Structures are given as structure tokens and as C-alpha cells.
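As C-alpha cells, the structure follows; a few thoughts come after it.
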Amino acid sequence: MATQQGSKPPSPDRETTLAERLVAADPLLGPWRETIERRLRRAAELEARLTGGRMTLADFSSGHEYFGLHRRGGEWVLREWAPNATRIDLVGQMTDWKERSGFALDRLDGAGGVWEVRLPGDAMAHGDLYRLRVRWNGGEGERIPAWARRVVQDPHTLIFNAQVWEPETPYRWTQEGFRCRARAPLIYEAHVGMAQEKEGVGTWREFTETVLPRIVRAGYNVLQLMAVQEHPYYGSFGYQVSSYFAASSRFGTPEDLKQLIDAAHAGGLCVIMDLIHSHAASNEVEGLGRFDGTRHQYFHRGARGRHEAWDSRCFDYGKPPVLHFLLSNCRFWLDEYRFDGFRFDGVTSMLYLHHGLGKAFLSYADYFDGSVDEDALAYLALANRVIHDVRPDALTVAEDVSGMPGLAVPAAQGGTGFDYRFAMGVPDTWIRLLKECADEDWPLGHLWHELNNRRRDEKTISYAESHDQALVGDKTLIFRMIDAEMYTDMSVFRQNIRVDRGVALHKMIRLVTLATAGNGYLNFMGNEFGHPEWIDFPREGNGWSYKFARRQWSLADDGTLRYGRLARFDADMIGFARCSNLLGSGDPHLLHEHNEYKVLAFERAGHLLVFNFHPSRSYDGYRVDAAPGKYRLVLDSDGEVYGGHGRLGPDEVHFTQPDGKGPFTRHILSLYLPTRTALVLRRID
């Protein structure tokens, strides 16, 4: 920054230094250095405001130990924040759902709208249902406490209530001291409710017993759980949260969820959860929609407090009690359930006043044009600080489609502090190719660019498809390619050109996505074996059917169908990535790209990967540059065990041959490349 001649330059403060580091990593950020400094300063000032210099941010984020219902010293204590309320009564089974003397909450003096009631230890019992009856000037309503840790729905009336949860025997963890060591995360994304084959809602316990072993055998090292936080509408996929501190009771008890996480840890899996802090369900009785009679207690006033596209409410990230609520929520799931981190949902929506709707982010100016909610950006920085202070090994992943610079840069380098961000352009690329291009017209140069298009100063996680592509209204990749013939021609004893194409490309798409990924890879439950159906939750339009809200594992277990062979390929592909440290070995190095022949070859982690995407042409003696030596075929997508045609011999060995003489002699591998086949060769000397 230039200064006037003879003036003393300002002494660099912490935020200036951090901004310099961020700009040094990406000089294109230079014109906005002052804005970056201001944003960093805003986060630092916000932290100082919250902690007052009297405690750490992690200590501040322990509101879950103060608010909500707790047994303390032989008595029950219930506290809630409701600044606009004029009276609050605790009602429930213990009061016959009537207001009773001794169950009214008192407003604490000088506490900014905090209410409290203390009750004898025998006033409430495990399993009791309760609510708050809240009055305000001009109205009243029943509310489930915002900090409730257990919320249940009556199966007959469908009414939600908070529930006292104090089992006689607390859960005893078997994997004490587990630490997440998945520095190259291979993520298995799962929804517990639809994880079972039965037509109904699966449970934490069923998932632990029947699905978790499959994930462990498949070789993934991170389990990402969806729909953990309580949500009134099952069909929202868990993205319309009402009770932020309650694990969804439709899947079972808190102890069942703890057992699932404990068992996953025993199997070597880190467990992260979808954390929905980007918005909240509008529900008023079950949620935060109008908890104290105002619509702006937790949310922005007016139109800014409403997310029209999602029919939900938008948090005010500049309000200290809201930050206390959200930061404590981060710590709660780490403390109480021992999750190993979070995938932050809807980060783009949080970051921008326009929520990213209809916005194409085409230049750096889009990140600095006044549309950024800098309070939200500061909150994300503080949330990452809390998470990593409490659990230094925790994983945090940002779901951001905008490409906001610095999101996945460490705080010490001037970033927001996420460990990873999703490469969300990759699945969009695959969909566009399959929808808009004939196979023979796939532009390999463009594909290579999109697969590798990421910020080199930030860690990224790639995926071919996630739950988004599996929802009704969209299609999974394999369903786009095979469509209705998946129901008739997936037998290993039937030949079908369309099925052959879909099965071959399904494997190739996954392998090239994984092999070019920056630092991690994600797969959605069942997609690894080409699950044939979309996800459609029970609703009025489908007769409240669960037929499409489940996973048909029996298809993968049936040896007469091709699904099991796709699953085997996926497991061997994941095993190859783990054994070779594929994602921890630097970026892939392009060796060969021939658009007309549809051949792509690159090197990574000491392996040569060759893809022939051509729909009809096989090549004999195809020449590919390689480091001199001996190479063994270690993965062949065309293998019969993977549902292919077996046109190559297993464990084939190839030797390079010099091409020319002198110090710049090229070394060439001559390979047979069957159509629609991917090969992985390892140099063995």
C-alpha cells in the first residue's frame, strides 16, 4: 500500500498480515486487499465482542450447557432466550398440559431476555413430553424449546413435542480417543432413513447393523450423514431444520446414533454430518419461525429474513445471541455425539445477499461487489475456529458453488478456515456432456480442464454425482444412460448395447473423477453400484409411498445382475486410491490427449492412467509417453469381474521402448486400448 512521501507507514496489524498472505497466494486478489483486510478485521472484532476478552471462543460456544433442560445438583433447570416474551410457562405431561404454579419461567434481570425455571428433581421423568407456552404483547403460542435435545413426533396426531431424555444407563463409548486421520477423504454420503431396502423409514440401529459394514468393506474412510438434525417434513431431505440440538427421533434414540458413530469409529470411519446453518424451517410451533412472537428474533427483519426460493428463514449472523446459538450448535455435535466434523450446507446462500440465485460468478469482482453478507463470512470463520479448537482433527467442508476465494484456506493464511470445499462444477460437467453431446463429440480438452479446474491454494473434494442428482426431477448418471432398460436388461446373461454403454461409462466417469480430484472424493449411497431409481420421498403426489425412498442392496448382492460388478469395481477403485495415496500425491500430470481418438492419459502417484472414451474404436499398439520401465496392469474397467468384456489379460506387464536416441529420448508404452475402457498401470521397477 503506497504512503505519502515522508509519512510513517502504518504498523502492520494482524489482519493486514493475513490479507498479505492471502494475496501472496493469489495475486489476482490484489485489487481487493483492503476489502479482505476489512473482512478479517470484522471477524476479529466480532470474536472480541462475543468473548469480551474473558474467555476463549470455544468456551463461549458452550451455550448448550446453559440453555435447554438440564439436571443440575438434584434439580431440573430450564432456560430459554425469548426477549419479546411477556410470560412463559412450562406445560406437559407433568402438568396435564395445563399452566401450573411453580412451572412458570422467570425472566432473569440483566440477561437480555433469558428466562429460567428451576424444578425439584422429581418434577419431571425420563420420557415426559413438554412444551413452552409463550405469551407476548398481542398474542401467544406453544413452542418447542429452541435448545431442546430430544424432540419426538406422535405417530397418530403427527404433533411434535420436546421430550425429557435421561436414560438410566448413559451410553458408554468403546472408541475413546478416536481421532479422524482421513487427510484424503473418501466420503460415503448417506441418508439413514432411506438406507434400508424395506419400504419405510430406516433407523440408526438398522443402519449400523446392515449398511455400515458395506461402507467399511467398500473402503471409504469418511461417512457423511444427512438429515441428522430434527426436521418436521421428512421429504425435505433434512434441509428444513426445526430443532438444531435434537437428533431426528424418527430414526431412533440418541443412544442409537451414538452407537452408530461408535461402530463407525471402530471400523476406521470418520463421521461428519450435514450442518444446516444456512437457513431454518419457517415452522413456528416446532421451529424458530416466531419463537418469541417476532419474526426477527433469530432472523433478519423484513424481506431479508425470508428465503423465498426455499420457503425458509435466514439467520441474522450479526446478532450475538444468534451467534451464541449457532456456534454452540457446532460444539454440541462434537461434544455430545462425537461427530468428527461437518459439511456446511448452503454456504453460497449464506455468503450472498442474493443467495447465489440466478447468479453466474464470472470474475473476482463478483466476490467484492457489495453483495457479500460479511457477517455470514465472519460467522463461518468463527465456526471453523471453534470446531478446530475443540477438535483439531475435525474435517470441515464448504458446499459453495460460487468459488469464493479463501474459503478453504487456513485461518493462519488469511482464509475462512474450511479444510475442504466441494468441486461442484464437476457433476454439472458430466450432466452437460451426457445431455448435450454425442459420445463421439465429447471435448476431452474441455473435460480435462473442468476436472482440474480448482484453486491450487485450497483443498477440494470432487464427485461425479451426489444426492442432488439422485432426486426426483433429476436423474443419476447411469439412469440418464440406460433409462428404462435398467429394469429389463441388467442381467449378466443378456446383451444390450445401451446397457453396455452405461455400465462402461459409469466406471470410467467415476475413475477419472477420482483420479483427477484435488484432495478428496464423494459418492452418494447406492450410486456406486448404479442404483436404478431416483429418490422420491412419500408425498401426496405419489400416494405417500416409500417405494422410491429406499436403497435396493439386494440388486448388488444378486450375482446374476450387473450391479454387483459395478460395486466391485468401485471398491477396487477406492482400494487403489487408498493404497497408492492417490489424492495425497500432488496434481495429475497430463501426458496425452487426443480429441479425435478420444484418448486421455495422465500420470499420478506413480501410476499411468489411460482412458479410451471412443464409443466404437479400439486401438492396438497405441503409443503413450511414460517414464522408462516396466508396468503392470492393476485396474482394468473392462474386466469381466466388473461387468466388462474381458478384452485384456489380468495383470498384464508392459515394457517401455525408447523412441529415438540422445539425452531427450522419449519412452513409449504400446498398449491395446479397447473401446470405452480405462486402464491403470503401476510402474514396478
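Of note:
- Ligands, DNA and RNA left out, the 1.4 Å accessible surface of the range 354-488 is 51% carbon and sulfur atoms.
- 0 to 90° range, to nearest 10: angle between helix 320-336 axis and the chain longest Cα axis: 60 degrees
- Here the spin labels are modelled as points 7 Å beyond Cα on the Cα-Cβ line, and at ALA104 and ALA484 they lie 6.8 nm apart.
- Cα-based shape type of the range 223-347, given that a ≥ b ≥ c are square roots of the gyration tensor eigenvalues and the cut on a/c is 1.5: prolate
- Options GLY341, TRP76, TRP310, ranked by Cα towards positive dipole end of the chain, top entry (Cβ charges): GLY341
- Partnerless cysteines, meaning none of the other Cys C-beta atoms lie under 4.7 Å away, in the chain: CYS314, CYS330, CYS437, CYS579
- Remark: spin-label model distance GLU436-THR86 equals 5.9 nm, labels positioned 7 Å along the Cα→Cβ axis.
- C-alpha long axis of helix 425-436 to longest principal axis of the chain, angle in °: 60 degrees
- Rounded FRET efficiency, nearest 0.05, which uses the C-beta distance separating GLU34 from GLU640 and R0 of 56 Å: 0.35
- Mean Cβ neighbour count within 10 Å, used as a protection proxy, ranking 501-508, 198-205 highest first: 501-508, 198-205
- Each peptide among 359-365, 525-531, 21-27 gets the average number of other Cβ atoms lying within 10 Å of its residues, and from highest to lowest they stand as 525-531, 21-27, 359-365.
- Spin-label model, LEU471/ALA360: points 7 Å from Cα along the beta carbon direction are separated by 2.3 nm.
- Dipole magnitude for the chain: computed about the Cα centre from +1 point charges on Lys and Arg Cβ and -1 point charges on Asp and Glu Cβ, it is near 820 debye.
- Scalar couplings 3J(HN,Hα) for the range 675-683, obtained by applying the Karplus form with A = 6.51, B = -1.76, C = 1.60 to θ = phi - 60°, are 4, 6, 9, 10, 10, 10, 10, 10, 6 Hz; x denotes Gly and Pro.
- Cα long-axis angle, helix 33-51 against the chain (0 to 90 degrees, to the nearest 10): 40 degrees
- Using the 1.4 Å probe convention, the accessible area of the chain works out to 40 Å² per residue with neighbouring protein chains retained.
- Computed extension gain for GLU652 through GLU308, at 0.36 nm per residue and net of the alpha carbon distance, reaches 118.0 nm.
- Proximity of backbone amide H atoms, modeled 1.01 Å from N, is registered between LEU395 and GLY341, PHE342 at under 5 Å, excluding neighbours fewer than 5 places apart on the same chain.
- Dividing the summed helix terms, -39500 (n - 2.57) for each DSSP H run of n ≥ 4, by the number of residues in the chain produces a 222 nm estimate of -7500 deg cm²/dmol to the nearest 500.
- Each Lys or Arg adds one and each Asp or Glu takes one away; over the other residues whose Cβ falls under 9 Å from the Cβ of VAL271, this sums to 0.
- Note that the range 357-373 has calculated 3J(HN,Hα) couplings of 6, x, 9, 9, 8, 10, 8, 4, 4, 5, 8, 9, 9, x, 8, 7, 7 Hz, one per residue in order, obtained from phi through the Karplus relation 6.51 cos²θ - 1.76 cosθ + 1.60 (θ = phi - 60°); glycine and proline are x.
- Placing +1 on each Lys and Arg Cβ and -1 on each Asp and Glu Cβ, with no other charges, gives the range 415-524 a dipole about its Cα centre of roughly 260 debye.
- Entry note, the chain: relative contact order of 10 percent, from Cα contacts under 8 Å with a spacing of 6+ residues.
- Scoring 433-446, 335-348, 295-308 by mean Cβ neighbours within 10 Å over their residues and listing the highest first yields 335-348, 295-308, 433-446.
- Here's how it looks for ALA247: its modeled amide H is under 5 Å from none belonging to a residue 5 or more places away or on a different chain.
- Only one residue of THR476, VAL512, ALA605 has its Cα farthest out toward the positive end of the dipole of the chain, where Lys and Arg carry +1 and Asp and Glu -1 on Cβ, and that residue is ALA605.
- For PHE299, residues with placed amide H under 5 Å, excluding near neighbours: ASP316
- Net charge contributed by nearby residues that have their C-beta within less than 15 Å of GLY559 (K/R +1, D/E -1): +1
The values are calculated or read from the model by the stated rules, or taken from the named source; none is laboratory data. As the structure is a computational prediction, the values presented were derived from the model and not from experiment. Positions of Cβ are generated from backbone atoms using ideal geometry, with glycine treated the same way; all protein chains shown enter the neighbour counts. For accessibility, only protein heavy atoms count, side chains too; no ligands or nucleic acids. Shrake-Rupley method; radii C 1.70, N 1.55, O 1.52, S 1.80 Å.
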